[in-house]
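In what follows, a structure is listed as structure tokens, so that the remarks can point back to it.
The values are calculated or read from the model by the stated rules, or taken from the named source; none is laboratory data. Keep in mind the model is a prediction, meaning the values are calculated, not measured. Reconstructed Cβ throughout: ideal geometry from the backbone, glycine too, with neighbour counts over all protein chains shown. Accessible surface is based on the protein model in full, side chains and every heavy atom, while ligands, DNA and RNA are left aside. Shrake-Rupley method; radii C 1.70, N 1.55, O 1.52, S 1.80 Å.
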Amino acid sequence: MSSIKDILIEMKNMSELMVHLSYSAVLFNSKDAAYEVLRLENRVNSLNYEIKTQSLLAARSKEDAERLTALLEIAEAAESIADAAKDLADIVIKGIKPHPVFKRVMEESDERITGVSVVSNSELCNKSLGELLLNTRTGMRIIAIRRRDSWIYGPNKYTVILEDDVLLAKGTETGSDFLVQIAKGEKSFDDLSDIIDDIDDN
């Protein structure tokens with residue numbers, strides 16, 4: 001059985017991912033991402049129920065109950081975030097077209113959410129995220145990968161990128177543009193080094 005701490009960490013990670021996925025689902029009109037949000041929402045609900053059950057079993061005094069109440073409030077907040085993400089995903093599932101201003105707002109925000117498919121001649125292909133160091137080199141964090149009909153959410157340094165994977169990434173506008181070009185095989189990391197050198201020279 002998972003500890004209350006482990007459950008809270010999983011709820012936090014899942015609710016954060018659901019926000020990214022739901023915005024991406026609306027931005028790219030992706031029903032796959034939207035249905036994944038719904039699946040994750042069910043998991044968050046189950047975790048919230050589990051944390052309530054464990055808290056009831058763990059409370060042996062008034063002091064215990066008071067300490068656990070704060071944890072339960074955090075869990076409820078995570079579930080509220082998950083519910084809000086589900087509401088966004090429902091827009092896509094119901095086939096409702098978002099207002100054009102939504103896309104403009106997303107594009108003008110400080111962080112860009114990008115979805116791109118990896119081609120066979122890309123430098124990303126058949127390499128792990130640990131090898132690629134994308135976050136360090138491009139400022140883009142891979143938050144999920146769609147592989148055929150399934151999703152890998154919260155990929156780690158051991159996750160290997162394969163041909164035709166769809167990367168869902170979050171980061172700067174410049175990093176987003178460069179990641180797309182690398183994934184499509186149009187640029188390499190050497191090109192990025194040249195850009196950095198030019199900036200340093202100026």
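In units of the rule-of-thumb radius 2.2 N^0.38 Å, the chain shows an alpha carbon radius of gyration of 1.19. With protein chains left intact and a 1.4 Å probe, residues in the chain average 58 Å² of accessible area per residue.
What angle, in degrees between 0 and 90 and rounded to the nearest 10, separates the Cα long axis of helix 173-183 from the longest principal axis of the Cα atoms of the chain? Tilt of helix 173-183: around 70 degrees. Axis of helix 62-93 versus longest Cα principal axis of the chain: the two differ by about 50°, to the nearest ten degrees.
Measuring only protein heavy atoms, the 1.4 Å probe finds residue 23 accessible over about 80 Å².
Placing R0 at 22 angstrom, the Cβ-Cβ distance between residue 147 and residue 12 gives a FRET efficiency of 0.35 after rounding to 0.05. For the range 1-82, the share of accessible area belonging to carbon and sulfur comes to 56 percent (1.4 Å probe, ligands and nucleic acids excluded). Using every pair of distinct Cα positions in the range 1-115, the Kirkwood expression returns a hydrodynamic radius of 15.3 angstrom. Measuring against 20 Å, Cα to Cα, the residue pairs 31/52; 5/52; 31/97; 12/94; 31/127 contain 31/52; 12/94; 31/127 as the ones spanning a longer distance. A probe of 1.4 angstrom, applied to the heavy atoms of all protein chains, finds residue 31 with accessible area near 100 square angstrom.
Helix content alone sets the calculated 222 nm mean residue ellipticity of the chain: runs of n ≥ 4 DSSP H residues at -39500 (n - 2.57) each, divided across all residues, give -20500 deg cm²/dmol.
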